[in-house]
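Report on one structure; see the data block that follows.
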Amino acid sequence: MSMPPRAALAAWLVLVALCSGWLYRNLSIGTDLTVFLPPSTNSAQRMLVSQLRDGVASRLILIALEGEEPPALVQASRELARGLRASGQFGFINDGDLASAVKERELLLAYRYLMSPAVTAERFTVAGLSAALNESLALLASPAGPFIRKILPSDPTGESRHIVEFLVPDTGPEIRDGVWFSRDGTRALLIAETRAAGFDIDGQAMAIKAIRDALQATGATRVRLLLSGPGVFASEARATIQSEAQWLAAAAMGLVMLILFAVYRAPGPMVFSVLPVATGMLAGIAAVSWVFGPVHGITLGFGATLIGEAVDYPSFAYIQAARGERLADTVVRIGPTLRLAVLTTVLGASAMALSSFQGLAQLGLLTIVGVGAAGLVTRWVLPAITPANAVSRKVYAFPIDARGAMTIARRGRWIAAASIVAGLAGVAWHHDRLWDDDLANLSPLSEAAKSLDRTLRAELGAPDFRYLVIARGRDRESALEASEAAGAWLRETVGRGWIAGYDLPSNYLPSRKTQQSRRAALPDATTLARNLDLALRDVPFREGVFAPFLEAVERARTGPLLTIEDLRGSGFELKVNTLLVASEDGWAALAPLRGVSRPAELAATARTAGHELLDLKTESNNLVNSYRDESLRLIALGLLCMAGLLAWGLRSVVEAARVLAPVLAALILDVAILLSWGHRLSLFNLVALLLVVGIGLNYALFFNRPVADPDEQQRTLLSLVVCGATTLSAFGCLAFSRTPVLHAIGVTVALGAVLSFVMSAVLSTRETRRGAT
Amino acid sequence: MKGCAELALLVVLLAAPTAGNAANSPPPLSIVELMQMLASVESANARFVETRHSALLKAPLVLKGTLTYRRPDRVEKHVLAPYDERIAVDGGRLTFENRTHNRRKTMSVSGAPGLAALIESIRATRAGDLPALQRYYALQVEGHRGQWTLTLKPLDSRTADYVVSLELSGAGARIGRITIEEASGDRSVMEISEQHG
């Protein structure tokens, strides 16, 4: 195999130009986390995923204002709410001040005879009206009297009151001067529902900025703003990960450069060392973007990790070059080993690329193309561009005698074997505590942020959205009817104390059928006037007081039904749109529950009614489990393929076993040590373990490579030590991160690299044979 | 608030020499003194007659019933005629029960800001809880220990849209009458005869 250096260089330049051009025109980076969720197997999981993406829960921002006297907080809260409503970024702002929800109140009033569950034919008979009027009379004389006085003439049957009682839970926070306050009176509280979906982190970040700007615009400079909620968490997490990743990457880069400089003592090879991995990253991203469209941010992050082993390729080449040897000759000499190192990783990643999970598939493709490209650049491009004497000044004086060290290492076999057995025992001991199934533990939130969220949620009486009742229908209308059917049994469960409350789309938009039957229950103008006259005989209301009532009923009786168009622009529209969603086989009405105390009984009742109870926590844990199972299956498949490739490439099953054994041993020990430290394995650890396999195989292959003379053995050991040191320092930096994702990857890889190195030295090294090639 | 109390004390001290001269008029009452006087009551039972005047009604509606108070935050108004209705505040919870119309509802007092203001006017006055009153109202007191009048004007503009003022009058630690003037022109007058426990 040979290629003129110029042709290699030209091909490389064309590749870089093509990839850059493609990315410049087509690259879009996705932040939709749900791409990383598996294509769900059942409808409950699909519902979970859609809820995570853009459900009601994902859009809530809890806001608290503190640090001032209550009157200043009240003012700030009112002005903030006004500013946020004007910003257009929020569907619904609730500061406890119902009076300021003007649009919603107008809707309630205009459509009260179609929305109120109390509207029946009996209510408008003489007896029904008489009872309602007597009740209104008592209310007028009660402390609530002054407040219902104005509406009484147009709504003597109290329909708007019924709807409000129905919609507004009476377990809300304390109200001071019309706005929500914490029990101790130190914080004014608000809830905002963003128009942006929860997965849209940019949209969430914009909404958060809008809140900060709106507060600043109120001029309340001394008021402190506290924010919580899924969107706030997501955008904060992203910011934390980005800033940490940046400075940790800089630190890692600095350390790696330091090590390379110590070895090469010249800038040239240091710069050239970056080319393969940089080309690989470029080609990998271009390939993912070409195949999948948007490249996920996580693919980029993990991708850099997964092709991290490509940083080692130039080190193997440069350091193994003998004094005076042309680099082109060196790469030919170590070519078979390097090729095997690249191909094993490519094959391992192929299993991932075939995954039905788009996130894993993206990672797999990026690794295949990235590592492949880095290998090709090392093999063909580096010799073409590295000046003949660029690496000749490197320090050969490795202070350790390789031959002696290797001989000692081989004696450690029994210790290695014993530690593998101990590692296996350790894993077996922890087998029931192996996996971290709780999605929440993967979030980079500080304990302070979590406890603030708990406090605000408790003070606001906001639902935790763990439980949802789902009622399905063929189309929107039948889903609304199903929602009403669910409302019937849910009301009973509230009475039984199984739940504290619920929300339903049909509360805001009753089905056409229900609206029609309510409209049909309204008597014509003459009948109603006669009934009212008769009812007024034994109630001391003045004659003619209720003329507005007669007009309102006639308007409702002859007017149009309430439709989703009528709700447009109000908070009710967003409620209906988030609680009434299209699903794969029709429509589903969702009822978020508050204060669930008897989930088992609730699930049984829901089943009897033909509905289902969805426990989001259980479902999300199931989801993580299925993700993990798929990843494990793919990793096992990848390992199997690698073993086959090794046996073929080394033309010996025994040789293949010699190379694979240390890698497997390192994996077992890595896991056992993590477990003994009290870690549980998450998806991030699995991804990191894949990299450990890639790196470990390289070590084992080069340790196992036959060497011609002590000098070559010396250079091989030096190259391996340099590779090990760079990997250790790069991932060691990540291990210092406070972000669980970065920390997990850092610890796993740094530990795995050390273990692979030691195990390969002990188990893969062959005795130096003279004349071997 | 402390400054307010000190000022009141100063006024009383300065007024003291002249008070002796005006032999037959007792010293004017400060809000702090009134509150202290009212706060000394542990529990109270009363009968009331409330007359509700409204433009919506052919004739004023007259309610009769009982009031009970237990220091510091339990108040119950029990209407016995012309229907049976009980409104009780216990801590922060409001219970509304109308046996005639078979309706019962409990809610947080704070859930209805206007209602909370009205209920606090009675509860906090009875308990001598000055900070609670000042949260909702601008206060003005007239008269002396033997015969005083406390006028409350809502601070919150939304409540003021409905209620113009509340006037509580009494003698010593007893509240004798509560008059509510509404923005609609309606008013209600409650005559109370208290027995202290």
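Values for this structure:
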item: Stretchable slack from residue B:142 to residue B:74, in nm (0.36 nm times residue separation minus alpha-carbon distance); result: 21.8 nm
item: In order through the stretch B:181-187: 3J(HN,Hα) via Karplus (6.51 cos²θ - 1.76 cosθ + 1.60), integer Hz, x for Gly, Pro; result: 9, 9, 5, 6, x, 5, 8
item: Cross-link partners of residue A:617 among lysines (Cα-Cα below 29 Å; sequence separation of 8 or more within a chain); result: A:450, A:575
item: Amide H partners (placed H, <5 Å) of residue B:57, local residues excluded; result: A:542
item: Charge tally in the Cβ shell below 9 Å around residue B:68, where Lys, Arg are +1 and Asp, Glu are -1, residue B:68 excluded; result: +2
item: Sites residue A:212 and residue A:257 - FRET efficiency at Förster radius 30 Å, r taken between beta-carbons, to 0.05; result: 0.15
item: Qualifying GluC sites (Glu not before Pro) in the stretch A:559-588, DSSP loop, other Cβ atoms within 10 Å at most 12; result: A:584
item: Residues in the stretch A:465-505 that a label on residue A:564 would reach, taking backbone N under 20 Å of a point 7 Å out along Cα→Cβ; result: A:469-487, A:503-505
item: Residue-averaged beta-carbon neighbours from other chains (10 angstrom radius) around A:178-189; result: 1
item: Approximate spin-label separation residue A:18-residue A:86, in nm, with each point projected 7 Å along Cα-to-Cβ; result: 5.6
item: Mean Cβ count within 10 Å, highest first, over the residues of peptides A:596-604, A:497-505, A:275-283; result: A:275-283, A:497-505, A:596-604
item: Rg/Rg_ref, the protein assembly as shown, where Rg_ref = 2.2 N^0.38 Å and atoms are Cα; result: 1.29
item: Residues whose placed amide H lies under 5 Å from that of residue A:176, excluding near-sequence neighbours; result: A:181
item: Phi-based couplings in Hz for the stretch B:166-173 (Karplus 6.51, -1.76, 1.60; Gly and Pro marked x); result: 10, 10, 10, 10, x, 9, x, 8
item: Long-range amide H partners of residue B:140 with built H, under 5 Å; result: B:151
item: Simple label model, 7 Å out from Cα along Cβ direction - residue A:496 to residue A:25, nm; result: 6.4
item: HN-Hα J in Hz across the stretch A:731-746 - Karplus 6.51, -1.76, 1.60, θ = phi - 60°, x for Gly and Pro; result: 7, x, 4, 4, 4, 7, 5, 8, 7, x, 4, 5, 4, 4, 5, x
item: Sparse-neighbour loop sites [trypsin sites (Lys or Arg not before Pro); the stretch B:51-110; at most 15 other C-beta within 10 Å; DSSP]; result: B:58, B:99
item: Dipole moment magnitude, nearest 20 debye, the protein assembly as shown about Cα centre, only Lys, Arg, Asp, Glu C-beta charged; result: 2100
item: Average partner coverage of A:228-239, which counts Cβ from other chains inside 10 Å; result: 0
item: Residue A:450-residue A:120 FRET efficiency (beta carbon distance; Förster radius 56 Å; 0.05 resolution); result: 0.75
item: FRET efficiency, residue A:165 to residue A:239 (Cβ-Cβ, R0 41 Å, nearest 0.05); result: 0.45
item: Projected label distance in nm at residue B:106 and residue A:432, using a 7 Å step from Cα toward the beta-carbon; result: 4.2
item: Fully extended contour minus Cα-Cα distance, from residue A:577 to residue A:652, at 0.36 nm per residue; result: 20.7 nm
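Every read-out reported here was derived from the displayed coordinates using simple, explicitly stated rules and does not represent laboratory data. Keep in mind that what you see is a predicted model, and the values were worked out from it rather than measured. Counting neighbours? That spans all protein chains shown, and the Cβs are built from the backbone with ideal geometry, glycine included.
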